Amino acid sequence: MLPHPPLESHYDSSETKRQFVTRLFNSGAKYYDFVEGWGSFGTGARYRRSALERHGLRPGQRLLDVACGTGLVAAEAMKILGSAEKITCLDPSEGMLAVARTKLAARFVCARAEQIPLPDDSFEFLTMGYALRHVADLEEAFREYRRVLAPGGKLLILEITKPARPIQAFLFRAYFAHFFPFLALVFTRSRQARDLVQYYWETMDTCVQPARILEAMRSSGLKEVNCSTRFELFSEYTAVKS
């Protein structure tokens with residue numbers, strides 16, 4: 001199952017999508033934290049840590065952060081776990097991993113969500129922060145998540161979902177489609193940063209509905225599948241490996 005229809009203005013196949021997305025994140029990596037910081041009005045770190053705590057991350061657990069990017073989720077997890085000793089960060093972008101390595105002494109793996117080069121039953125907790133829209137196939141990714149989770153292990157996916165109500169949807173579009181990309185260009189003077197933010201909007205605008213994501217999670221063998229939404233914007237998908 002595709003997370004969104006192909007964006008033909010950027011790529012024309014699954015293979016060229018992978019190349020495009022990796023190139024996009026490699027070129028925008030050095031701007032990512034700055035853009036994310038003001039784009040979320042400085043609330044991103046607090047929200048990530050709150051989500052991890054609410055969904056049960058606790059000291060002693062082994063954590064895999066898939067599509068870790070610059071390590072924003074992993075850095076908050078480290079504060080809960082007490083160290084980065086049991087954290088593994090996985091991402092297909094070497095540029096993003098290079099930034100993440102400056103933040104925590106975790107294990108880093110350059111790989112895709114659909115092909116995780118790690119053993120079965122390796123982690124008690126698996127996270128993915130705002131990157132589900134960038135995988136090639138939802139069910140392939142979820143099957144890999146189930147495989148590497150230990151029995152009873154928890155999956156937490158953080159995502160931004162386009163609001164359903166018209167007024168909220170209008171404001172959402174105005175901010176992410178126009179205001180955010182414009183300011184990213186103004187503040188960074190980088191077309192790469194602008195293009196990265198613009199692509200975020202395009203994938204959020206076309207992403208499949210939460211019901212289909214939950215369907216893909218169930219069909220991949222995950223149990224206790226659920227989605228909760230905060231502020232009609234932030235979706236928290238959870239599941240366990242039975």
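The values are calculated or read from the model by the stated rules, or taken from the named source; none is laboratory data. Quick caveat, the model's predicted, so the values are computed rather than measured. Quick reminder, even Gly has a Cβ in these numbers, built from the backbone with ideal geometry, and neighbours come from all protein chains shown.
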Got at least one residue in segment 204-217 being in contact (Cβ under 8 Å) with a residue 40 or more places away in the chain, of a type in the set (Ser, Thr, Tyr) and crowded, with 17+ Cβ neighbours inside 10 Å?
no
How many residues are within 22 Å of LYS162 (Cα to Cα), among the hydroxyl-bearing types (Ser, Thr, Tyr) and not in a helix (DSSP H, G or I) if we restrict to segment 7-62?
3
Within the bounds of segment 173-189, is there any residue that is of a type in the set (D, E, K, R), in contact (Cβ under 8 Å) with a residue 60 or more places away in the chain and buried (at least 16 other Cβ atoms within 10 Å of the Cβ)?
no
By residue number, the members of segment 226-238 that are in contact with an Asp or Glu (Cβ under 9 Å, 6 or more places away or on another chain) and in a loop (DSSP other than H, G, I, E, B) are none
Read through the list (1) surrounded by fewer than 21 Cβ atoms within 10 Å (Cβ to Cβ); (2) under 17 Å from the mean Cα position of the chain (by Cα); (3) not in a loop (DSSP other than H, G, I, E, B); (4) not small (Gly, Ala, Ser), then give the number of the only condition that HIS4 fails.
(3)
Six or more apart or on different chains, Cβ atoms under 7 Å: show the pairs whose first residue is in segment 1-24 and among the polar types (S, T, N, Q) and whose second is surrounded by 12 or more Cβ atoms within 10 Å (Cβ to Cβ).
SER14/ALA136; THR22/PRO92; THR22/SER93
Return the residues of segment 203-225 that are of a type in the set (S, T, N, Q) and in contact with an Asp or Glu (Cβ under 8 Å, 6 or more places away or on another chain); say none if nothing qualifies.
SER219, SER220
Quick one: HIS10 ticks every box in (1) surrounded by fewer than 14 Cβ atoms within 10 Å (Cβ to Cβ); (2) under 27 Å from ASP137 (Cα atoms); (3) at pLDDT below 95 except a single one, so which number is it?
(1)
If we take segment 67-160, then strands (runs of 3 or more DSSP E) inside it with 1 or more residues that are free of Cβ contacts under 8 Å to residues at least 40 places away in the same chain and surrounded by fewer than 23 Cβ atoms within 10 Å (Cβ to Cβ) are 87-91, 107-110
